[in-house]
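Visitor: What follows is a single structure, and I will ask about it in a moment.
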Amino acid sequence: MSMFSLSTDAQAQPFKGEQIDPDVTSGHLTHLTPDQQSAFAAFKDIIAKANLYSPQRPHPVHDEPSLLRFLRARRFEPQKAYKQFADAEAWRKKHNVDALYATFPVDEFERARRFYPRWTGRRDKNGLPVYVYRIASLSGPLQKELNSVPPERRYQRIVALYETMTRFVLRLCTHLPHRTAPTPISSVTTIIDLDQCTLPTLWSLRAHLQEASALATANYPETLSTIAVVNSPSFFPTVWNWIKPWFDEGTRRKVHVLGKDPGPTLRTLIDPKDLPKPYGGDLDWSYEDEPALDDAAKSVISEMPKGPVVFEDGEVRRPTAPSDATDTPSTTNP
């Protein structure tokens, strides 16, 4: 992959501003226009006729907020949404995702969290979970450990963590009080920290980062609401040129580059008590820490559970493998 200067196309560049105020309701449940309602009904009819969805016996990831993510990703065009949904369902079957998640070893799952965006345990002003990804933390011994994991197992780890985000974190946050209730929470706010991150480190991690991005874009669409890039170095335009092809235009518009003093802007999106101190808030939390749950979350789950879990009917539960699963994924603990 070659390096070029940052494109002059304004639509392709990340946003720079003093306030972040994302629209987290348009195209979501309880805020659908009549045309969107019609498109949603048509989409559900199409996937039902294709035997990919049953309103009487929906799959755990076929709830309405999840289905709407595919429709929003395709601008409410039912046939295009059907194509992506069908491809994602084929992908889930190929990788036996339900069985993978249900049988993933707890200790390996917890170790895998260190390589990917981590939930702080807090939410932004709209109720969306706040994640942090500190790229420099993946250098040195941790990067060697990551590279030692066989590619197939590394891929499975990414899948398991996305299942946790969509089946546990987002659903827990939907259950908690939030500004846009009763609209479900179906996406996250992510802070990407480039502090002390060198160009060689980013270059060495490009395959790892691209793999995770491609997996999410195809199979977990519309799970990113706001992406705040903080502590961006002088070479960020080069980095942005690498990574912008990984995302569609809609996702690129969600990127905000905040530089070395992100606090004033981030506080327009995240209350100081829920914003980690390194980014201008009051929360005593760093990337290596476990989620620091707020009082509302503690009243429901007490503490962050270990390993693969789902949030259903107001309770934390362990995922169950489908009874018809024939190929249980490897649970080798590398």
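The numbers here are math on the coordinates, done by the rules we state, and not lab data. Please read these numbers as outputs of a predicted model, since none were measured by experiment. Counting neighbours? That spans all protein chains shown, and the Cβs are built from the backbone with ideal geometry, glycine included.
Visitor: Before rounding to the nearest 500, sum -39500 (n - 2.57) across all DSSP H runs of length at least 4 in the chain and divide by the residue total; then give [θ] at 222 nm in deg cm²/dmol.
Guide: Calculated mean residue ellipticity at 222 nm is -11000 deg cm²/dmol.
Visitor: Additional query: Report the label-to-label distance for GLU211 and GLU64 in nanometres (one decimal), using points 7 Å from each Cα along the Cα→Cβ vector.
Guide: 3.8
Visitor: Grab every C-alpha pair in the chain, bin the distances at 10 angstrom width from 0 up to the longest one, and report whole percents.
Guide: 5, 25, 36, 27, 8, 0
Visitor: Roughly speaking, what is the stretch gain from GLU145 to ALA218, that is 0.36 nm per residue apart minus the C-alpha to C-alpha distance, in nm to one decimal?
Guide: Once the chain is fully extended between GLU145 and ALA218, it gains 23.6 nm.
Visitor: Amide H neighbours of ILE191 under 5 Å, at least 5 residues apart or on other chains, H built in the peptide plane: list them.
Guide: HN-HN under 5 Å from ILE191: TYR131, VAL132, TYR133, ALA228.
Visitor: Would you mind calculating the relative contact order of the chain from Cα pairs under 8 angstrom and at least 6 residues apart, reporting the percent as a whole number?
Guide: About 27 percent, as a whole number.
Visitor: Hey, for a label at ARG179 modelled as a point 7 Å past Cα toward Cβ, could you say which residues of the range 204-245 have their backbone N under 18 Å away?
Guide: 224-228
Visitor: Going Cα to Cα from LYS298, which lysines come in below 22 Å? Please leave out same-chain ones fewer than 8 positions away.
Guide: LYS125, LYS273, LYS277, LYS306
Visitor: Arrange the peptides 269-275, 285-291, 225-231, 56-62 so that the one whose residues have, on average, the most other Cβ atoms within 10 Å appears first.
Guide: Going by the mean number of other Cβ atoms within 10 Å, highest first, we get 225-231, 269-275, 285-291, 56-62.
Visitor: Listed highest first by mean packing, meaning other Cβ atoms within 10 Å per residue, what order do 127-139, 152-164 come in?
Guide: 127-139, 152-164
Visitor: Got a sec to turn the phi values of the range 32-45 into Karplus ³J(HN,Hα) couplings, 6.51 cos²θ - 1.76 cosθ + 1.60 with θ = phi - 60°, whole Hz, x for Gly and Pro?
Guide: Couplings: 7, 6, x, 5, 5, 4, 5, 5, 5, 4, 5, 4, 5, 5 Hz.
Visitor: With the crude spin-label approximation of a point 7 Å out along Cα→Cβ, what separation in nm comes out for TRP91 versus GLU290?
Guide: 3.2
Visitor: Of all chymotrypsin sites (Phe, Trp or Tyr not before Pro) in the range 201-247, which ones are in loop regions per DSSP and have a Cβ with at most 14 other Cβ atoms within 10 Å?
Guide: PHE235
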